[in-house]
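Each remark here refers to the structure printed beneath this line.
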Amino acid sequence: MQATVLHALETRVQRDGARPLLTWYHPESGARVELSAVTFANWVDKACNLCGTLGVDDEPVLGLPLVFDHPGHWLSWVWVFAGWQAGGRVVVAPRDELGMVDLAVLGPEHPVPVPGVETVACSLHPLGLGFGRPLPGVTDAHEILSEPDVHLNGAAPAEQVWWTGSREELTGAALAGLAPVRGRSLVVASSPEVMLDALVGALVGGGSLVVVDGSAPDDRVEAIATAERAAR
């Protein structure tokens with residue numbers, strides 16, 4: 001069986017699960033969240049199981065305006081990996097350009113149902129908390145926390161398309177072939193593709209990623225890189 005990004009995550013969890021995989025900074029709010037491989041994989045498991053609870057676990061197509069609008073937030077990438085783990089494909093596009101999808105995952109700006117599509121909305125609280133109010137017709141992503149920790153990996157074959165974005169379509173094999181990132185590196189999350197290359201690269205290369213989410217002056221980015229001992 002050909003190795004995939006999901007295999008890389010599983011291997012990281014088994015061999016080096018406690019080491020930081022993704023450290024997230026939001027300079028505008030001052031928030032910092034550090035996720036080990038074990039913690040990230042646990043969130044992915046729960047999101048994948050929520051897909052099953054919502055009835056979209058059979059090779060689903062996940063529409064992810066969340067990732068298009070918020071490429072730097074750590075929860076965006078939980079949903080990317082959950083879609084892959086459910087055996088599906090993720091479509092990273094604006095809400096009005098999703099096409100035919102089985103599940104839409106949105107950010108907090110417009111948390112109302114996508115017509116005819118099961119819809120999840122994320123508050124983007126730094127710790128994954130919910131909106132704190134009902135969302136008619138929409139599942140609050142906070143429901144992830146009530147899902148079991150069962151690890152189900154129904155990944156599609158590596159030769160199938162796993163990622164559809166503005167740049168190109170990528171198969172599982174192409175994703176696993178992205179340039180490996182070793183050591184600890186910092187990325188400013190300027191686009192979904194920049195984040196995809198950085199996070200997948202860190203997984204396949206055994207690296208660790210510091211993500212600056214949102215705009216920040218260069219001296220602030222340099223200060224974060226120095227504090228985290230991360231290369232730019």
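The values are calculated or read from the model by the stated rules, or taken from the named source; none is laboratory data. Note that the coordinates shown come from a computational prediction; the quantities given were computed from them, not determined experimentally. In this analysis, Cβ positions are derived from the backbone assuming ideal geometry, glycine residues included, and neighbour counts consider all displayed protein chains. We work out accessible area using only protein heavy atoms, side chains counted, and drop any ligands, DNA or RNA first. Shrake-Rupley method; radii C 1.70, N 1.55, O 1.52, S 1.80 Å.
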For this session: Working carefully through the options GLY128, GLY72, find the one that is open to solvent by less than 40 Å² (accessible area, probe 1.4 Å), at pLDDT 95 or above and part of a loop (DSSP other than H, G, I, E, B).
Result: GLY72
Seminar exercise, completed: Scanning the stretch 113-124 residue by residue, those modelled with pLDDT under 95 and either closer than 20 Å to HIS73 by Cβ or open to solvent by less than 30 Å² (accessible area, probe 1.4 Å) (or both) turn out to be none
For this session: Could you tell me which residue of the stretch 178-232 is least open to solvent (accessible area, probe 1.4 Å), considering only residues that are assigned to a helix (DSSP H, G or I) and without any contact (Cβ under 8 Å) to a residue 12 or more places away in the chain?
Result: ALA223
For this session: Could you list, in sequence order, all residues of the stretch 27-57 that are assigned to a strand (DSSP E or B) and on the phi > 0 side of the Ramachandran plot?
Result: none
Problem set entry | Positions within the stretch 136-157 being crowded, with 18+ Cβ neighbours inside 10 Å and over 19 Å from the mean Cα position of the chain (by Cα), in sequence order | VAL138
Exercise. Restricting the search to the stretch 1-26, which residues are part of a loop (DSSP other than H, G, I, E, B) and under 20 Å from LEU152 (Cα atoms)?
Worked result: MET1, GLN2, ALA3, THR4, GLY17
Exercise. When the stretch 58-69 is examined, which residues are found to be more than 10 Å from the chain's Cα centre (by Cα) and either outside any helix (DSSP H, G or I) or on the phi > 0 side of the Ramachandran plot (or both)?
Worked result: ASP58, GLU59, PRO60, VAL61, LEU62, GLY63
Exercise. How about the stretch 182-232: which of its residues are under 18 Å from the mean Cα position of the chain (by Cα), under 14 Å from ARG32 (Cα atoms) and small (Gly, Ala, Ser)?
Worked result: GLY214
Seminar exercise, completed: The residue that is nearest to LEU135 (Cα to Cα), considering only those in the stretch 88-120 that are small (Gly, Ala, Ser) and over 18 Å from the mean Cα position of the chain (by Cα), is GLY116
For this session: All but one of (1) at pLDDT 95 or above; (2) in contact with an Asp or Glu (Cβ under 7 Å, 6 or more places away or on another chain); (3) open to solvent by less than 30 Å² (accessible area, probe 1.4 Å) hold for THR171, so report the exception by its number.
Result: (3)
